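Right, one structure below, let's go through it.
The values are calculated or read from the model by the stated rules, or taken from the named source; none is laboratory data. All values derive from a computational prediction rather than experimental measurement. Positions of Cβ are backbone-derived with ideal geometry, glycine not excepted, and every protein chain shown enters the neighbour counts.
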Amino acid sequence: MDCDLQDPPEEIPRLYAKAREGYEIVAAKFEERAESTVRQKISQSFWAALSWLAGITFDHKIGNFRIMSRRVVKNFRCYREQLRLLGGITALMGFTSITLPLKRNERFAGETSYTLRKLLAIAIDIAMAYSDRPLKLSVAAGLVISGLAIFAGIVIFVLGLIGLIDVPGWASVMVSLYLIGGLIIANLGIIGYYIGKTFDETKRRPLYVIENTTFNSSATEVEPGRQLIGRVLWITGLSGAGKSTLASEVVSRLRAAGDGVVMLDGDELREVFGAAATNAQNYGREGRLDLAMQYAHLCRVIAAQDLTVVISTISLFREVHTWNRANLPGYFEVYLKVPLEELRRRDSKGIYSRFDAGELSNVAGLDLPIDEPETADWVVEFEPKQTVLNLAKDLLNRLNGRNAA
């Protein structure tokens with residue numbers, strides 16, 4: 001809904017009640033609008049033109065004010081293009097929809113920032129993004145001009161033969177001009193058409209929309225009474241192993257695929273839970289174990305909302321590994337096993353150099369014992385030529401492969 005209160009919030013219960021009847025999308029249809037007649041006519045003309053250009057029927061009386069099911073929202077998030085027209089994309093998806101007649105209010109306060117110039121710019125952007133008919137019209141216009149030029153050439157040739165054209169060379173110049181001009185326009189249109197096809201491919205729109213799934217606990221539609229269950233990707237290893245870097249890349253790829261993802265970083269979590277200050281109590285084994293268990297419980301709370309949690313943390317405790325596997329949904333554990341020599345060489349945070357200088361204690365893997373995971377889903381052995389891009393790709397393939405199994 002719009003934020004200027006022209007979309008009446010008091011009508012939300014009516015939209016929701018209609019959605020409860022089984023409709024995936026319930027949109028408000030404003031039969032009466034508190035807008036000038038000129039603005040309404042402009043809006044009507046634009047949507048009529050866009051409907052013709054895009055080949056999709058748009059009703060100028062239907063705006064953004066609507067209620068949509070979770071399944072519609074999940075599929076809408078799969079459209080990763082920059083210019084996403086809500087009404088256009090939901091129409092393309094084809095879910096069951098209905099309109100509810102409402103009255104549009106006057107603007108509550110202030111003046112609209114959408115001038116005629118801005119509206120025209122938006123209209124052009126939308127038309128270019130959702131239609132290739134202008135390109136086809138360019139090709140057709142070029143061919144028509146070329147055809148007329150050929151016809152005119154024949155007529156002029158005949159007139160020249162019978163002596164009705166006295167200016168030497170005029171006929172050939174004019175025919176050549178129109179013929180070449182028409183061919184140029186047609187060729188530009190053809191080139192533009194191929195560019196338009198390339199543009200369509202770069203949008204990476206889904207080829208189809210899944211309405212229902214069978215025998216799949218992670219179905220796109222949440223059935224009534226079913227508990228929402230996400231998954232937890234637990235990336236662990238010593239300081240400097242590359243946990244956060246790998247987690248960031250994995251999260252970027254998951255979000256690009258339309259997944260709902262929450263990323264948790266061990267260093268940031270320590271600040272949140274008030275353990276940023278270095279002291280023997282919170283940096284000793286008991287303090288670290290207590291923090292790790294809090295991280296694990298937080299992951300369970302977030303995953304229970306049908307979200308994917310990607311966490312990068314040291315937390316190398318047998319108790320944590322055991323609890324995670326027994327309590328976290330869709331748990332997948334990754335252990336980045338990097339030799340201490342390599343960690344000392346990296347040492348981006350100066351932890352190992354400060355330990356060697358006697359300035360720091362309770363360092364995991366040095367004076368603080370660790371429990372390496374015994375049942376990790378993937379142990380990544382260090383290789384000098386490894387890249388984070390390849391690791392992230394391999395990790396997601398393993399994760400998706402296990403989910404499919």
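Considering only region 299-327, state which residues are touching a helix residue (DSSP H, G or I) at 6+ places or on another chain (Cβ under 8 Å) and aliphatic (A, V, I, L, M). Residues satisfying the conditions are Val309, Val310, Ile311, Ile314, Val320. The condition (being surrounded by 14 or more Cβ atoms within 10 Å (Cβ to Cβ), in the same structural domain as Trp170 (by TED's automatic domain parsing) and in contact with a helix residue (DSSP H, G or I) (Cβ under 6 Å, 6 or more places away or on another chain)) is satisfied by just one residue among Ala149, Ala123: Ala149. Checked against the criteria, Thr112 counts as in a loop (DSSP other than H, G, I, E, B), of a type in the set (Val, Ile, Thr) and surrounded by 12 or more Cβ atoms within 10 Å (Cβ to Cβ).
If you check Val26 against the conditions, is it in a helix (DSSP H, G or I), in contact with a strand residue (DSSP E or B) (Cβ under 7 Å, 6 or more places away or on another chain) and more than 30 Å from Tyr194 (Cα to Cα)? Answer is no for this residue. Residues of region 355-405 that are assigned to a helix (DSSP H, G or I) and over 19 Å from Leu328 (Cα atoms): Phe355, Asp356, Val388, Leu389, Asn390, Leu391, Ala392, Lys393, Asp394, Asn397. On the given criteria, is Phe46 at pLDDT 80 or above and assigned by TED's automatic domain parsing to the domain that holds Ile126? No, not satisfied. Scanning region 52-94 for residues that are without any contact (Cβ under 8 Å) to a residue 40 or more places away in the chain, polar (S, T, N, Q) and touching a helix residue (DSSP H, G or I) at 6+ places or on another chain (Cβ under 6 Å) returns a single hit, Thr57.
Close Cβ contacts (under 6 Å, 6 or more residues apart or on different chains) running from residues in region 291-307 that are aromatic (Phe, Trp, Tyr) to residues that are surrounded by 22 or more Cβ atoms within 10 Å (Cβ to Cβ) comprise Tyr295/Thr313. If you check Ser312, Ser348 for being within 17 Å of Gly240 (Cβ to Cβ) and loosely packed, with under 13 Cβ neighbours inside 10 Å, only one passes: Ser348. One residue stands out among those in region 368-405 that are among the small types (Gly, Ala, Ser) and either in contact with a Lys or Arg (Cβ under 8 Å, 6 or more places away or on another chain) or more than 12 Å from Gly237 (Cα to Cα) (or both): the one that is modelled with the highest pLDDT, which is Ala392. Take Ala219 and decide whether it is surrounded by 13 or more Cβ atoms within 10 Å (Cβ to Cβ), modelled with pLDDT under 75, within 20 Å of the chain's Cα centre (by Cα) and not in a strand (DSSP E or B). Taking the combined requirement at face value, the residue satisfies it. Has region 240-249 got any residue that is in contact with a strand residue (DSSP E or B) (Cβ under 8 Å, 6 or more places away or on another chain), modelled with pLDDT of 80 or more and not in a helix (DSSP H, G or I)? Checked region 240-249: at least one residue is in contact with a strand residue (DSSP E or B) (Cβ under 8 Å, 6 or more places away or on another chain), modelled with pLDDT of 80 or more and not in a helix (DSSP H, G or I).
It is to be established whether one or more residues within region 13-22 are more than 28 Å from the chain's Cα centre (by Cα), among the small types (Gly, Ala, Ser) and either surrounded by 14 or more Cβ atoms within 10 Å (Cβ to Cβ) or at pLDDT 85 or above (or both). Within region 13-22, one or more residues are more than 28 Å from the chain's Cα centre (by Cα), among the small types (Gly, Ala, Ser) and either surrounded by 14 or more Cβ atoms within 10 Å (Cβ to Cβ) or at pLDDT 85 or above (or both).
Every residue, every condition in (1) under 30 Å from Lys385 (Cα atoms); (2) surrounded by fewer than 21 Cβ atoms within 10 Å (Cβ to Cβ); (3) assigned by TED's automatic domain parsing to the domain that holds Thr236; (4) modelled with pLDDT under 90, yes or no:
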| position | (1), (2), (3), (4) |
| --- | --- |
| Leu298 | no, yes, yes, no |
| Asp306 | no, yes, yes, yes |
| Leu316 | yes, no, yes, no |
| Glu319 | no, yes, yes, no |
| Ala326 | no, yes, yes, no |
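For region 159-169, a residue qualifies if it is assigned to a helix (DSSP H, G or I) and either surrounded by 12 or more Cβ atoms within 10 Å (Cβ to Cβ) or of a type outside the set (A, V, I, L, M, F, W, C) (or both), and the qualifying residues are Leu159, Gly160. Scanning region 311-348 for residues that are among the small types (Gly, Ala, Ser) and in a helix (DSSP H, G or I) turns up just one, Ala326. Under the condition of being β-branched (Val, Ile, Thr) and at pLDDT 80 or above, which residue from region 90-115 is farthest from Cys3 (Cα to Cα)? Selected residue: Thr96.
Rundown of residues vs (1) within 24 Å of Arg133 (Cα to Cα); (2) assigned to a helix (DSSP H, G or I); (3) assigned by TED's automatic domain parsing to the domain that holds Arg117; (4) in contact with a Pro (Cβ under 6 Å, 6 or more places away or on another chain), yes/no style:
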site	(1), (2), (3), (4)
Glu31	no, no, yes, yes
Leu50	yes, yes, yes, no
Phe58	yes, no, yes, no
Phe65	no, no, yes, no
Glu81	yes, no, yes, no
Leu100	no, no, yes, no
